[in-house]
Amino acid sequence: MATLYDKPAQVQPEIIPDAFGELASEEYSIKAMPKVAGPLGLTATFVLIIFFITNTPTAIQAGAGTFTFWIIGGITFFIPCVIATAQLGHMFPHEGSLYNWTHRAFGGYWSFFVAFCAWFPCILLMIVAADVVVGYLQGLNPNWLVQPWQQGLVLMLILAFSGVLATQRFATILTLVKIVLVIAFLAVFITGLAGVVWLLKGHLSAISFKTPTAWGLAWNPNGYYTLALFAFIVQAFLGIEVPLNMGGEMTGRKPVTRHLLWGTVLVLVGYFVTSFGLLIVVGANPIAIANPYAMVLAVKTALGPVAGNITALLIMCNFVVTPAIYSYACARLLLVGGIDQRLPMRVARLNKNRVPVNAIIFQTVVAMGFTAILFIVIPAYGGESNAVALNLEVYNVLISASTLVWAISTAFLFINLVKFYFSDRRTFRQQLIFPMPVLWISIVFGTTTCVISIIGALVFSLIPKLIGNNIWWLIVGGITAVCIVVALIGGMLASSEADWQKLHE
C-alpha cells in the first residue's frame, strides 16, 4: 500500500495512507541516475547557489548594522529554513525536493506551482551570475563592452558555455564545483585580509562601530533601508533546498544533514568576512554600495592592484561556473515534471551521461532569450543606452524579482511541515530529527521573516538613484506577478494533463 513516509519496513512506524500517491519520478531516479552526490559535492553546490559574494556590496548599506542584519536574518530565516529542509529531506530523500514534498502534502496542482516558483528564479539567477562576469570585465577595463548589445552577446556566450558544462557527467561537474568552491573562498579570504591589513597599517575603519545606531540597534530616521535591506539580506539566504533536487542521486541519507550543516557555516562565514573587509576599507559609500566590483576596489586599496586583479579573476571564475550549477540543479525539477507527466515526456530525456539534456537545453535557451530582450531588444528601442547603468539595473532588478518568487516557494518548506504534522502526528513525531519545539520555532520565525522580506523587497528599491521606489515596485512586482500567474495557470494545466494521462492508461 502507498504510504505517507517512504521508510524501510523494519524501521517504519504505523502510518496512514498517502492521499496523493507516490510519484513515478521517485522510483525512476533511483534506477536511472547514478548515486554520486556525496556530502562534499552537495556542500559545494549548496554554498555556491546561496553565497553570491556580490550580494555583500548591497548589504553594507547599513554600516556596522550589516552584521546585525546578517545575524538576525540567519537566526530568523536561514537556520529555520535549514532545519525545515533537513527534516523534509530526511523523511523524503527523493529527486525534486520541494516539488516532491509539496506533492505528498498537497497534491499535483500545488507541487507544480511551487516547482515553477523554485525553477524560474534559477533562470533569472543564471543571467545575474553571468552579468557579474560582464560587470567585472567592465571594472577591469572601462573601454570593454561599452554597448549593451556587446554585453548581451557575452552573456549569451557564458550561458551557452554553462549549458554545455551542465550536460557533462554529474560526477565530473561535482569535482569542478568543489574546485570552484575553493576559488570562491580564496576571494573571500583576500577580501577579509584586506580589512585586517588596512587596520594594521594604522588606517581608521571607514565606518563607525561605536554607537547603537551604527549597529542598527536604534531607529535611523534618515535611512529608508531598515526594512528594504533586511529583506535583501534575508533573501540572500534563499536556495537551501536546491541541492536536494538531486535527492535520488545521493550516496546515502547522511549527506542530507552533513551538507546542510557545513554549508550553513561556510555561507555565514563568507558573508561575514566579505562584509568585514568591505566595511573596514571602503565603507558604506556611494562608490561601493550595490556595486558588484566593490570587493576588488577594497582589495586594491588595501593590498595593491595585483591582489585586486587576482581577486577579480577569482570571482569571475566563480561566476562563469555558477550558471552551470543552477542549470544542472534546477533541470531536475523539469526532469521529475516530465517523468510524472506534468510536462512533456521529452523534457525528461537523459543523454549518455545520465543527465537531463533536454531540460538543460531548454533552460539555457530561455535564459539566452531573456538576455537578448534585456540587453539587445530593449536598448535598441529607446531603452537604457548607458552600459554600466544598464548592468547595475539588470543585476538588481533580476535578483530582486527572482528572490521574491523564490521566497514564495520557500515558504512551503514550513507549510509542508505543518501539513505533515497535522496529517499524522504520531508518525511525524517518530520521524523527527529535531525536537518539536525547535521545529515550531523554526516554522513561526521562518514564515514570519519570509513575509516581511517579501514586503520589504517589493516596496523599496535597492538602487534608488537609478530606479525610484515609485517605479521599482511596478517593475519588480510586475515580473513577480507574471511569474505567479504563469505558475497558477501552469499548475492547472499540468494537473489536468496528469489526470488525463492516468485516465487514459
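Overview of values
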quantity	calculated
Test: residue in region 344-358 that is more than 18 Å from E27 (Cα to Cα), within 24 Å of the chain's Cα centre (by Cα), crowded, with 19+ Cβ neighbours inside 10 Å and without any contact (Cβ under 8 Å) to a residue 60 or more places away in the chain	yes
Given (1) within 18 Å of the chain's Cα centre (by Cα); (2) surrounded by fewer than 24 Cβ atoms within 10 Å (Cβ to Cβ), index of the condition H90 fails	(1)
Search result, residues across region 176-195 that are free of Cβ contacts under 8 Å to residues at least 12 places away in the same chain and within 25 Å of K352 (Cα to Cα)	I179
Residue in region 336-353 that is of a type in the set (G, A, S) and closer than 30 Å to L140 by Cβ present	no
Pair list, Cβ under 8 Å, 6 or more apart: region 275-288 residue in contact (Cβ under 8 Å) with a residue 12 or more places away in the chain, other residue assigned to a loop (DSSP other than H, G, I, E, B) and among the hydroxyl-bearing types (S, T, Y)	L279/S205; I280/S205; G283/S205
Odd one out for T448, checked against (1) at pLDDT below 85; (2) under 30 Å from L260 (Cβ atoms)	(1)
Residues of region 266-307 satisfying the condition of being closer than 15 Å to Y136 by Cα, not in a helix (DSSP H, G or I) and not β-branched (V, I, T)	A288, A290, N291, P292, Y293
First in region 196-212 and farther than 13 Å from V282 by Cβ, second anywhere and part of a helix (DSSP H, G or I) and not β-branched (V, I, T), Cβ under 7 Å, 6 or more apart	V197/A302; V197/L303
Residues that are under 21 Å from L125 (Cβ atoms) and crowded, with 24+ Cβ neighbours inside 10 Å, drawn from region 74-87	F77, F78, C81, V82, T85
1 or more residues more than 19 Å from P243 (Cα to Cα): qualifying helices (runs of 4 or more DSSP H) within region 51-114	56-59, 65-73, 98-106
Residue under evaluation N309, criteria (1) at pLDDT below 90; (2) surrounded by fewer than 24 Cβ atoms within 10 Å (Cβ to Cβ); (3) more than 23 Å from G239 (Cβ to Cβ), criterion not met	(1)
Test: residue in region 393-405 that is in contact (Cβ under 8 Å) with a residue 12 or more places away in the chain and surrounded by fewer than 22 Cβ atoms within 10 Å (Cβ to Cβ)	yes
Residue in region 206-215 that is at pLDDT 85 or above, more than 13 Å from G63 (Cβ to Cβ) and of a type in the set (A, V, I, L, M) present	no
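Results for (1) surrounded by 14 or more Cβ atoms within 10 Å (Cβ to Cβ); (2) on the phi > 0 side of the Ramachandran plot; (3) under 19 Å from the mean Cα position of the chain (by Cα), shown as yes or no for each residue.
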residue	(1), (2), (3)
F422	no, no, no
R425	no, no, no
R429	no, no, no
A457	yes, no, yes
W472	yes, no, no
I475	yes, no, no
T480	yes, no, yes
I489	no, no, no
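For every residue, the table says whether it meets (1) of a type in the set (A, V, I, L, M); (2) buried (at least 24 other Cβ atoms within 10 Å of the Cβ); (3) under 18 Å from I339 (Cβ atoms); (4) touching a strand residue (DSSP E or B) at 6+ places or on another chain (Cβ under 6 Å).
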position	(1), (2), (3), (4)
W101	no, yes, yes, no
A105	yes, no, no, no
F116	no, yes, yes, no
N141	no, no, no, no
Q151	no, yes, no, no
V154	yes, no, no, no
L159	yes, yes, no, no
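The values are calculated or read from the model by the stated rules, or taken from the named source; none is laboratory data. Not measured: the values here are computed from a predicted model. We place every Cβ from the backbone using ideal geometry, glycine too, and count neighbours over all the protein chains shown.
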